[in-house]
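K.L.:
This structure is in structure tokens; I'll ask about it shortly.
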Amino acid sequence: MAEKELDCLGEACPVPLIKAQNALGTMAIGDVLIVHIDHSCAMKNVPDWAREAGHNVELEEIDDGEWDIIIEKAK
Amino acid sequence: MEEKEKKQSLWEFYFKREWSYTTGAVLLSILAVSLVLVTGQAWGVTGVFHVWGGKVLSWFGINADAFPGFNGAVGKYIFANSQVSLTNLGIVLGALLSVLLAASFKYKKIKSRKQVVAAILGGLLMGIGARIAGGCNIGNFFSGIPAFSLAGWIFMVFIFLGAFIGSKMLKKWFM
């Protein structure tokens, strides 16, 4: 099970979403992608997309205005 | 990964969790209609940008009122009497209030030179576009379409076209 981190701190929409989609596309089922974000809009559109695509998603608040989106590739 | 089901506090429910699009749309409509009822003028954002630009030029000794189309707008300008200026200040203060209430305030670092170029280029293009179109997505689109403005509909077609081309440019050069 590989784990990959994606630093999207300081990036605005839609950059975190496109980067997450590209990164997950290169990964295998069961791999985990951790996206670091500090843009509240990405806190909604990245998990929305990942859940819609059928992956397991968890959102964690790391600090004030900073979140980790943890996506486990399910298919 | 297991789903944790926690009970939300009132603070989390109202301020922390993002509001749905429906909640936002209803609140925006109520506020926009109230603004028209109270002041008689629809909500706009970019309508004062040329005056602000003229003000900045005046600090360097350039009289923008001499340009065609200004009609003394810079000389007559008073911040407290300008509805658009006041609502623009309100947008910034409201955004600040919402992040403070959500405890999400954060200084963001500038990631790269590319990001700076993209931001400046994007801002300039939007500003120039809004002035040429006679309004931005607020004055032209949000306030225009409910008032049966044909310009609003034409604006809508081209804003989609612009957003499409803009996203392609973003993907190609700025990611």
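K.L.:
Assuming residue B:93 fulfils every condition listed in (1) at pLDDT below 95; (2) exposed (fewer than 12 other Cβ atoms within 10 Å of the Cβ) apart from one, which condition is it?
P.N.:
(1)
K.L.:
Next question, about the same structure. State which residue is farthest from residue A:33 (Cα to Cα) when the search covers only region A:57-66 and only residues that are at the interface with another protein chain (Cβ under 9 Å from one of its Cβ atoms) and not β-branched (Val, Ile, Thr).
P.N.:
Result: A:64.
K.L.:
Now for a separate question. Would you be able to say whether some residue in region B:92-107 is of a type in the set (Lys, Arg) and away from every other protein chain (no Cβ under 14 Å)?
P.N.:
Let us first name the residues in region B:92-107 that are of a type in the set (Lys, Arg), namely B:106.
When the remaining residues are screened for being away from every other protein chain (no Cβ under 14 Å), the result is none.
No, region B:92-107 has no match at all.
K.L.:
Hey, another quick one. Has region B:40-54 got any residue that is loosely packed, with under 10 Cβ neighbours inside 10 Å and assigned to a helix (DSSP H, G or I)?
P.N.:
No, region B:40-54 has no match at all.
K.L.:
If residue B:37 satisfies every condition in (1) of a type outside the set (Ser, Thr, Tyr); (2) in a helix (DSSP H, G or I); (3) farther than 23 Å from residue B:147 by Cα; (4) open to solvent by 80 Å² or more (accessible area, probe 1.4 Å) but one, which is the exception?
P.N.:
If we test residue B:37 against (1) of a type outside the set (Ser, Thr, Tyr); (2) in a helix (DSSP H, G or I); (3) farther than 23 Å from residue B:147 by Cα; (4) open to solvent by 80 Å² or more (accessible area, probe 1.4 Å), just (3) comes out false.
K.L.:
How many residues does region A:18-38 hold that are under 16 Å from residue A:66 (Cα atoms) and more than 11 Å from chain B (Cβ to nearest Cβ)?
P.N.:
Number of matching residues: 3.
K.L.:
Still on this structure: Applying the selection to region B:74-86, what residues are touching a helix residue (DSSP H, G or I) at 6+ places or on another chain (Cβ under 7 Å), loosely packed, with under 14 Cβ neighbours inside 10 Å and under 26 Å from residue B:144 (Cβ atoms)?
P.N.:
Once the filter is applied, which keeps residues that are touching a helix residue (DSSP H, G or I) at 6+ places or on another chain (Cβ under 7 Å), loosely packed, with under 14 Cβ neighbours inside 10 Å and under 26 Å from residue B:144 (Cβ atoms), region B:74-86 yields only B:79.
K.L.:
Any residue at all in region A:47-56 that's open to solvent by less than 30 Å² (accessible area, probe 1.4 Å), within 10 Å of chain B (Cβ to nearest Cβ) and of a type in the set (A, V, I, L, M, F, W, C)?
P.N.:
For region A:47-56, residues open to solvent by less than 30 Å² (accessible area, probe 1.4 Å), within 10 Å of chain B (Cβ to nearest Cβ) and of a type in the set (A, V, I, L, M, F, W, C): absent.
K.L.:
Going residue by residue through region B:162-175, is there one that turns out to be assigned to a loop (DSSP other than H, G, I, E, B), more than 14 Å from chain A (Cβ to nearest Cβ), farther than 30 Å from residue A:62 by Cα and free of Cβ contacts under 8 Å to residues at least 12 places away in the same chain?
P.N.:
no
K.L.:
Next question, about the same structure. Pull out all pairs, ordered by first then second residue, where Cβ-Cβ is under 9 Å, the residues are six or more apart or on different chains, the first lies in region B:91-102 and is of a type in the set (A, V, I, L, M, F, W, C), and the second is open to solvent by 80 Å² or more (accessible area, probe 1.4 Å) and part of a helix (DSSP H, G or I).
P.N.:
These pairs meet every condition: B:101/B:11; B:101/B:14; B:101/B:15; B:102/B:15.
K.L.:
Could you tell me how many of the residues in region B:64-73 are open to solvent by 60 Å² or more (accessible area, probe 1.4 Å) and either assigned to a helix (DSSP H, G or I) or modelled with pLDDT of 95 or more (or both)?
P.N.:
1
K.L.:
All but one of (1) under 17 Å from residue B:18 (Cα atoms); (2) surrounded by fewer than 15 Cβ atoms within 10 Å (Cβ to Cβ); (3) away from chain B (no Cβ under 12 Å) hold for residue A:41; state the number of the condition that does not hold.
P.N.:
Unmet for residue A:41, out of (1) under 17 Å from residue B:18 (Cα atoms); (2) surrounded by fewer than 15 Cβ atoms within 10 Å (Cβ to Cβ); (3) away from chain B (no Cβ under 12 Å): (3).
K.L.:
Mind counting the residues in region B:108-133 that are over 18 Å from residue B:160 (Cβ atoms) and more than 9 Å from chain A (Cβ to nearest Cβ)?
P.N.:
Total satisfying the criteria: 12.
K.L.:
Does residue A:58 count as without any contact (Cβ under 8 Å) to a residue 60 or more places away in the chain and part of a strand (DSSP E or B)?
P.N.:
Judged against the criteria, residue A:58 is a match.
K.L.:
So, in region B:148-174, exactly how many residues are open to solvent by less than 70 Å² (accessible area, probe 1.4 Å) and out of contact with any Lys or Arg (no Cβ under 7 Å at 6 or more places or on another chain)? Break it down into steps so the answer makes sense when it comes.
P.N.:
Let us first name the residues in region B:148-174 that are open to solvent by less than 70 Å² (accessible area, probe 1.4 Å), namely B:149, B:151-152, B:155-156, B:162-163, B:166-167, B:169-170, B:174.
The next check asks that each one be out of contact with any Lys or Arg (no Cβ under 7 Å at 6 or more places or on another chain); those that pass are B:149, B:151-152, B:155-156, B:162-163, B:166-167, B:169-170.
Number satisfying all stated conditions: 11.
K.L.:
Quick check on my filter: what residues within region A:19-30 are open to solvent by less than 20 Å² (accessible area, probe 1.4 Å) and over 10 Å from the mean Cα position of the chain (by Cα)?
P.N.:
Of everything in region A:19-30, just one residue is open to solvent by less than 20 Å² (accessible area, probe 1.4 Å) and over 10 Å from the mean Cα position of the chain (by Cα), namely A:30.
K.L.:
Out of the residues in region A:5-17 meeting the condition of being at the interface with chain B (Cβ under 9 Å from one of its Cβ atoms) and part of a loop (DSSP other than H, G, I, E, B), tell me which one is surrounded by the most Cβ atoms within 10 Å (Cβ to Cβ).
P.N.:
A:11
The values are calculated or read from the model by the stated rules, or taken from the named source; none is laboratory data. What you are looking at is a predicted structure, and each value in this text was computed from that prediction instead of being measured. A quick note on method: Cβ atoms are made from the backbone with ideal geometry, for glycine too, and the neighbour counts reach across all protein chains shown. Just the protein is used for accessible areas: all its heavy atoms, side chains included, with ligands, DNA and RNA removed. Shrake-Rupley method; radii C 1.70, N 1.55, O 1.52, S 1.80 Å.
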